[in-house]
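Report on the following structure.
Every number in this text was worked out from the coordinates using simple rules, so none of it is lab data. Since the structure is predicted, the reported quantities are computational estimates derived from the model, not experimental observations. Here the Cβ is made from the backbone with ideal geometry for all residues, glycine too, and neighbour counts use every protein chain on show.
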Amino acid sequence: MDLVIRGATVYDGTGGPPCLADVGVSGGTIAAVGDLTREAGATEVAATGLALAPGFIDVHSHDDFAVFLTPEMDFKVAQGVTTTVVGNCGLGAAPHEAAQRYLPFFGADAHRDRLPAWTTYADYLDAVDRHPPSLNVAVLVGHGTLRFDVMGNDRRPPSDRELAGMLDTLAAGLDAGCIGYSSGLVYEPGRYSQTDELVTLAQEMAQSGGVYASHMRNEGDGLLDAVAETIRIGADGGVPVQISHHKASGRSAWGLVHDSLALIERARSRGVDVTADQYPYTAGSTALFAVLQNHEERAHGVGDVEWERITLASAPRHPEWERRSIADLAAELHADPVEAARAVVDAEGYGAVVVMETMNEDDVRTVMGHPSTMIGSDGIPTFGGKPHPRLYGTFPRVLGHYARDAGVFTLAEAIRRMTAMPAAKFGLAGRGAIEPGAAADLVLFDPATIDDTGTYDEPRRYPAGVTAVWVGGTRVMHDGAHTGERPGRALRRARD
């Protein structure tokens with residue numbers, strides 16, 4: 001064996017009680033679990049008093065460009081994340097020309113010359129293997145990118161030819177190993193699509209086992225209709241469903257999560273495979289452009305808009321605006337908040353990213369405690385600015401604040417929601433478990449001290465309590481420092 005982690009409290013990912021054991025690794029794979037004898041040449045790691053878990057799977061990320069521009073991915077691996085699922089909210093990485101419109105949103109516009117060349121999803125997956133990051137990458141095809149590629153921002157149903165173009169690109173992505181497709185129905189151009197279009201695309205992947213993941217049309221007062229539509233797309237399309245960042249956004253929607261969870265339960269009882277993900281904060285983050293558009297068009301997809309609770313996280317051309325609310329800027333500009341928001345969007349375009357305080361803590365705990373919920377950061381890896389602290393702290397915050405301190409669920413169950421549960425949902429074979437034959441994606445942490453440390457003013461802080469992280473048996477974090485290793489690869493799902 002190459003590596004033996006000795007005397008850890010092992011949480012195997014199943015949600016069952018932990019056990020004291022040694023874990024041996026050979027050639028990037030877990031070779032043995034138990035009371036292991038010492039072997040000459042094996043690296044020994046003392047883990048008495050520490051917890052060892054499968055590497056965490058971030059099922060909802062926006063790391064599509066970051067895996068190339070910041071390949072160490074320190075903000076994720078420092079949390080224990082060893083696999084990131086990209087392509088969420090319809091914002092896919094291919095076709096590449098269409099995907100370029102998203103670069104400002106991720107603060108990557110000024111760095112486009114550092115990106116490797118790709119055109120298709122197959123190219124993107126190959127680029128990940130050629131330029132490996134420090135974690136593994138699984139890819140969703142983005143509906144918004146498909147739609148923009150064939151019809152731009154047109155507010156109409158696609159023609160037969162345009163729909164055929166979307167289907168062809170989706171099929172090619174699935175053939176290349178993408179794990180499903182996502183939609184972003186509060187964003188352009190996804191918000192102009194109708195349900196039947198999304199069902200037709202879902203049917204394309206019914207035989208592959210791919211997942212339909214959706215940032216739904218409405219997370220405010222229309223939450224229940226949006227959940228019902230999402231479930232219908234999965235049921236009529238014959239595919240598993242993932243509800244992205246399940247929440248009730250805006251004061252008038254608080255409490256609706258009890259009813260949305262009931263809809264999920266009823267669908268599951270009918271045999272629909274529907275689950276959700278969640279980040280553990282009462283504030284979200286998105287493009288100011290989308291907030292303004294939804295508000296001005298009275299779509300209410302992001303919930304009630306309270307401008308004093310919406311703060312600029314990133315404004316690359318005007319960093320002096322960052323961490324100021326739209327209401328505060330409006331007072332300075334002697335304008336109403338909508339006019340101020342429009343002025344910011346005019347100046348920054350998609351580069352204006354905001355943090356929105358829109359949720360209720362009781363709702364967060366209700367969703368988290370429900371068995372349908374797994375964990376996803378939804379972090380936006382902007383270059384510069386002050387991103388939402390979920391980018392650095394999501395997984396330790398769940399383990400420390402919500403599992404250990406608040407008792408929302410046991411530590412074993414919290415780990416299952418981050419490991420075996422998402423691995424099974426997204427078809428990530430050999431991940432999410434500590435057992436012989438599984439990939440040696442592992443995180444060693446102190447259950448007494450693990451927690452997030454970032455704040456909205458100082459979000460770029462590594463969490464506390466994470467001792468070491470391995471990806472494919474290679475250590476990428478050690479005592480709070482990145483090792484410089486980049487052993488990640490693209491994870492491809494085989495079509496049935």
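Remarks
- Mean ellipticity per residue at 222 nm, deg cm²/dmol - from DSSP H runs of n ≥ 4 across the chain, formula -39500 (n - 2.57): -8500 deg cm²/dmol
- Here the dipole of the chain is about 660 debye; that uses its Cα centre as origin and unit charges on the Cβ of Lys and Arg (positive) and Asp and Glu (negative).
- Spatially proximal lysines relative to LYS386 (Cα-Cα < 24 Å; intrachain offsets below 8 disregarded): LYS76, LYS247
- 0 to 90° range, to nearest 10: angle between helix 160-176 axis and the chain longest Cα axis: 10 degrees
- Taking the longest Cα principal axis of the chain as reference, the axis of helix 195-204 is set at about 30 degrees.
- By average C-beta atoms within 10 angstrom, highest first, the peptides 349-361, 69-81, 7-19: 69-81, 349-361, 7-19
- Rg/Rg_globular for the range 56-425, with Rg_globular taken as 2.2 N^0.38 Å and Rg from C-alpha atoms: 0.92
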